[in-house]
1. I'm trying to understand the selection: among the residues of the range 221-236, which are within 30 Å of Gly193 (Cβ to Cβ) and out of contact with any Leu (no Cβ under 6 Å at 6 or more places or on another chain)?
2. Taking the range 94-144 only, how many residues are in a strand (DSSP E or B), open to solvent by less than 60 Å² (accessible area, probe 1.4 Å) and of a type outside the set (Lys, Arg)?
3. Can you tell me which residues in the range 153-172 are closer than 18 Å to Val88 by Cβ, touching a helix residue (DSSP H, G or I) at 6+ places or on another chain (Cβ under 7 Å) and either free of Cβ contacts under 8 Å to residues at least 60 places away in the same chain or part of a loop (DSSP other than H, G, I, E, B) (or both)?
4. Can you tell me how many residues in the range 173-209 are among the β-branched types (Val, Ile, Thr) and in a strand (DSSP E or B)?
5. Among the numbered criteria (1) open to solvent by 50 Å² or more (accessible area, probe 1.4 Å); (2) farther than 30 Å from His117 by Cβ; (3) of a type outside the set (Ser, Thr, Tyr), which single criterion is violated by Glu203?
6. Identify, from the list Gly48, Gly72, Gly85, the residue that is in a loop (DSSP other than H, G, I, E, B), at pLDDT 90 or above and open to solvent by less than 60 Å² (accessible area, probe 1.4 Å).
7. Report, by residue number, each residue of the range 213-243 that is part of a loop (DSSP other than H, G, I, E, B) and more than 15 Å from the chain's Cα centre (by Cα).
8. Pairs needed: first member in the range 294-307, under 14 Å from Val270 (Cβ atoms); second member anywhere, assigned to a helix (DSSP H, G or I) and open to solvent by 10 Å² or more (accessible area, probe 1.4 Å); C-beta distance under 6 Å; at least 6 residues apart or different chains.
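The values are calculated or read from the model by the stated rules, or taken from the named source; none is laboratory data. Being a predicted model, the structure only gives us computed values, none of them experimental. In this analysis, Cβ positions are derived from the backbone assuming ideal geometry, glycine residues included, and neighbour counts consider all displayed protein chains. These area figures cover heavy atoms from the full protein model, side chains too; ligands, DNA and RNA do not enter into them. Shrake-Rupley method; radii C 1.70, N 1.55, O 1.52, S 1.80 Å.
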Amino acid sequence: MIAASRRKAGRTPAPRGGRSFAISSISSLKNARVLVVGDAMLDRYWFGEVERISPEAPVPIVKIDHEEERAGGAANVARNAAALGAQVTLLSVVGADEPGARLEALLKREHILPQLHHDRNIKTTVKLRVIAGRKQQLLRVDFETSPSHEVLASKLRDFKRILGDMDVVILSDYGKGGLTHIVKMISLARRAGKKVLVDPKGEDYSRYSGATLITPNRTEFRQVAGGWNGERELTERAQKLRHKLGVEALLVTRGEEGMTLFEDGTRFHVRTQAREVSDVSGAGDTVIATLAVALAGGARMKEAVRLANRAAGIVVGKFGTAVVTPEELFVKQ
């Protein structure tokens, strides 16, 4: 929590422990301790050129000349938080297979502490994308199975053990079965005084009740709250959902319209800062990771939203699941 001292120019009051946060300071993020829990996956990209159509079917032939691998899903959230300088732990379930081993190696390379449970009964979730040139996606192939009950129970025990050393918890729900115990996790974290940020999935948000902040995108919010005509109706629907779930804040990310934060009796909107949109995949991961690191570093909610909006504007200008560096985030504009 942030101490109730008078705000100085460019800074929020100092949180307990003596840390302070300045919107222009890279060093403010270094002490942030973030736990990411959720559905981790491996993103694979096959790049090649298309020069002819197959004689077997009316489909392009791609001659692969380059391959890339990146941490995806909850692992991309962790990757984004670590890129900002935070101390990050990722708790997830993977298969006892080659993609799981590759994902663990990628996490360690990016200075993330992986707490991965290896389930021999599943395959690590892999998203394989075939790309023509450098940007034109032709095909995506998904490989996935749900983790077993025994592995998930062990994961919950580890959550309890790790929780005390963290400032903020991110629950990254991709609907792959890795957050079966999310209700218990939110309860444990909140009782321990930790902020809990949730990137939701599906139409049942009741399981996210009691979280600090939920970050649906425009489409996800519409699925749960219904459509709206104008900002007033949007605000009414958002506040109704926020109150029903008992969450402190609801952030609706709205693509080219920016993002809107709803707290108790207040609405705060920031316009998008995207310069040139290349790829929106993973933008939500960047948003919630930036929010978490900023809050853990001592920022107030609105300050964290401004920073997350800037990060989103940067990352959509990059191809594939990407990250934002502190140097990019804090560059003078």
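1. Step one: of the range 221-236, the residues within 30 Å of Gly193 (Cβ to Cβ) are 221, 224-225, 235.
Residues satisfying the conditions are Phe221, Val224, Thr235.
2. Just the residues of the range 94-144 that are in a strand (DSSP E or B), to begin with: 94-95, 112-119, 126-132, 136-143.
This time we only want the ones that are open to solvent by less than 60 Å² (accessible area, probe 1.4 Å), so: 94-95, 112, 114-117, 119, 126-132, 141.
Narrowing further to those that are of a type outside the set (Lys, Arg): 94-95, 112, 114-117, 119, 126, 128, 130-132, 141.
Result for the range 94-144: 14.
3. The initial filter retains those residues of the range 153-172 that are closer than 18 Å to Val88 by Cβ, namely 155, 158-159, 161-172.
Now restrict to residues that are touching a helix residue (DSSP H, G or I) at 6+ places or on another chain (Cβ under 7 Å): 159, 163, 167-172.
If the condition is that a residue be closer than 18 Å to Val88 by Cβ, touching a helix residue (DSSP H, G or I) at 6+ places or on another chain (Cβ under 7 Å) and either free of Cβ contacts under 8 Å to residues at least 60 places away in the same chain or part of a loop (DSSP other than H, G, I, E, B) (or both), then Asp167 is the only one that fits.
4. Taking the range 173-209 and keeping what is among the β-branched types (Val, Ile, Thr), we get 180, 182-183, 186, 196, 198.
Keeping just the survivors that are in a strand (DSSP E or B) gives 196, 198.
Total meeting the criteria: 2.
5. Result: Glu203 passes all but (2).
6. On the way: Gly48 fails: in a loop (DSSP other than H, G, I, E, B); Gly72 fails: in a loop (DSSP other than H, G, I, E, B).
Matching residue, one of Gly48, Gly72, Gly85: Gly85.
7. Gly226, Gly227, Trp228, Asn229, Gly230
8. Cβ pairs passing all conditions: Ala304/Leu295.
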